[in-house]
Amino acid sequence: MNLDDLELSWNEKESLIGKVALVTGASSGIGASIARKLAKRGAHVTVVARRRDRLDELVQELHKEGLYEVMAVSADIQKAEEVQHVVNKTINRWGRLDIIVANAGFGYRSPLVEVDLERWEELYRTNVHGLMLTLHYGLPPMLGQGKGDVIIISSIAGKEVIAGGGPYSATKYGVNAIASALRLETIDQGIRVTTIQPGAVATEFSQVAGYSEDEIRAFSSKVLPLHPDDVAEAALYALEQPEHVNIPELTIMPSKQTQRFK
Ligand SMILES: NC(=O)c1ccc[n+]([C@@H]2O[C@H](COP(=O)([O-])OP(=O)(O)OC[C@H]3O[C@@H](n4cnc5c(N)ncnc54)[C@H](OP(=O)(O)O)[C@@H]3O)[C@@H](O)[C@H]2O)c1
């Protein structure tokens with residue numbers, strides 16, 4: 001068969017100008033970096049997290065650069081009504097939703113027998129249930145449009161487990177399962193799902209996860225963690241692919257990190 005007979009046509013690279021994005025966990029680290037880069041590429045962005053002051057600072061920073069299509073909506077992604085509110089505000093302002101960046105989450109380190117049950121529950125409610133809520137309320141507008149992108153920030157901890165990492169890894173393995181199901185369920189409706197699995201990234205993550213300053217310093221000087229912008233560039237790489245290209249999974253590691261905390 002002559003390939004020319006197939007009359008294949010490939011799309012150009014996707015432009016982010018005017019696309020409407022919702023980024024959870026945008027008050028610091030990876031989420032803030034993705035939101036910044038999306039806004040600078042011309043996307044309209046709803047930035048979401050609990051710390052309103054941090055979101056307002058980000059919005060102000062972008063305003064100073066002449067980028068006004070950014071909106072802060074504070075919400076706790078563990079709460080259904082708050083997630084629905086975020087989606088409603090986005091649709092009310094821009095009339096559509098093209099990109100969901102499900103990034104909000106945190107780490108927690110503990111041997112299983114010593115687990116603080118309340119913290120474990122919060123970890124699950126944020127990393128897994130919060131992701132489900134984000135997708136549950138965010139996807140319907142996108143499905144109605146027949147096109148959209150979902151970027152899910154998972155972790156290398158969703159691929160390998162270390163001692164003390166059971167609770168966190170369990171959530172990120174769960175995140176990957178949700179992403180895989182979503183990809184299968186929405187592939188025929190124009191939705192591209194990308195899971196990003198970063199290794200160590202220099203954000204507030206390690207402090208929140210319970211690592212001491214000394215541990216963070218020693219580990220960082222050994223592996224030189226990624227900058228949050230490195231992960232944001234990976235997200236943009238996936239988002240800017242031509243319509244016929246999907247990057248299902250993307251693992252990004254510091255060059256010197258072999259395993260998650262080694
Ligand atoms: N840093 C790493 O080494 C690393 C590696 C692999 C994967 N990750 C993943 O990357 C994602 C972002 O983490 P990061 O490294 O950027 O850490 P970070 O700087 O601590 O950022 C975490 C973000 O999640 C938000 N968040 C947490 N709980 C929330 C809730 N209940 N409702 C709404 N927002 C919530 C935080 O905002 P508020 O506190 O203001 O709500 C913050 O904006 C997480 O999913 C994490 O698991 C991180």
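With springs only between Cα atoms under 10 Å apart, run a GNM on the chain and tell me which of Ala177, Ala200, Ala21 wobbles the most.
Greatest mean-square fluctuation among the candidates belongs to Ala177.
Order of Val23, Val201, Val83 from fewest to most other C-beta atoms within 10 Å?
Val201, Val83, Val23
Given a cut-off of under 8 Å on Cα pairs at least six residues apart, what relative contact order in percent is computed for the stretch 26-114?
For the stretch 26-114, the relative contact order is 27 percent.
Past the 19 Å Cα-Cα mark, which pairs from Lys13/Lys147; Lys64/Lys89; Lys89/Lys172?
Correct reply: Lys64/Lys89; Lys89/Lys172.
May I ask for the distance between the Cα centers of the stretch 1-56 and the stretch 172-218, given as a whole number of Å?
Answer, in whole Å: 17.
Along each of its three principal axes, how wide is the spread of alpha-carbon positions in the stretch 127-197, in whole angstrom units, largest first?
44, 18, 14
Met71's amide H: which non-local residues (gap 5+, or another chain) put their own amide H closer than 5 Å, with H modeled 1.01 Å from N in plane and none for Pro or chain starts?
Amide H neighbours of Met71: Val45, Thr46, Val47.
What ranking of His136, His244 emerges when the number of other C-beta atoms within 10 Å of each C-beta is taken as an exposure proxy, fewest first?
His244, His136
Would you work out the relative contact order for the chain, in percent, from Cα pairs under 8 angstrom that are 6 or more residues apart?
Result for the chain is 21 percent.
So for the stretch 16-252, what are the equivalent ellipsoid semi-axes in whole Å, largest first, each being the square root of 5 times an eigenvalue of the Cα gyration tensor?
27, 20, 18
Would you pull out the residues with amide H under 5 Å of Ala104's amide H, same chain only if 5 or more places away, H placed 1.01 Å from N?
Here the answer is Thr24, Gly25, since their amide H atoms fall under 5 Å of that of Ala104.
How are the C-alpha pair distances of the stretch 165-237 spread across 10 Å bins, as whole percents from the shortest bin up?
Binned Cα distances yield the sequence 16, 37, 32, 12, 3.
Given the options Ser155, Ser169, Ser206, state which has the largest fluctuation in a GNM of the chain using a 10 Å cut-off (strictly under) for Cα springs.
Top of the fluctuation ranking is Ser206.
For every helix of n ≥ 4 consecutive DSSP H residues, a contribution of -39,500 (n - 2.57) applies; sum these over the chain, divide by its total residues, and give [θ] at 222 nm rounded to the nearest 500 deg cm²/dmol.
The helix-only estimate for the chain comes to -13500 deg cm²/dmol at 222 nm.
The numbers here are math on the coordinates, done by the rules we state, and not lab data. Since the structure is predicted, the reported quantities are computational estimates derived from the model, not experimental observations. Glycine gets a Cβ as well: all are built from the backbone with ideal geometry, and neighbour counts include every protein chain shown.
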